[in-house]
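Notes for the one structure printed next.
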Amino acid sequence: MPSMRVITDVRAAPGCRSCELYEAVDDPEHFAVVEVWETVEAHKAAGKAIAPARLEEAMTLLASPAVGTYFRHVAGADA
């Protein structure tokens, strides 16, 4: 199980609505992190505010560089 310390830091960051760690059902060494932020700017600010040592600790757990993109909520999809 990867270190949860960076997840805790992300969750505490201003503008973070949620940050969840998911484990692949068929591969216990494959994980995904899903973060929901108030704004893209809040996410970028948090990335700069989290201690570099904590980010480096998380990066050592990755088999390849992290990949991410920004999404927006689709109104009416919850109906």
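FYI, it's all coordinate maths here, none of it is from the lab. All values derive from a computational prediction rather than experimental measurement. All Cβ positions, even for glycine, are placed from backbone atoms using ideal geometry, and neighbour counts span all protein chains on display.
Packing order of peptides 62-72, 10-20, highest average first: 10-20, 62-72 (average count of other Cβ atoms within 10 Å over each peptide's residues). Calculated mean residue ellipticity at 222 nm for the chain: -9000 deg cm²/dmol, from DSSP H runs with n ≥ 4 weighted as -39500 (n - 2.57), summed, divided by the residue count and rounded to 500. Distance between the 7 Å Cα→Cβ label points at Arg54 and Thr69: 2.8 nm. Pairs of Cα atoms in the chain fall into 10 Å distance bins, from 0 up to the last occupied one, in shares of 16, 48, 29, 7, 0 percent.
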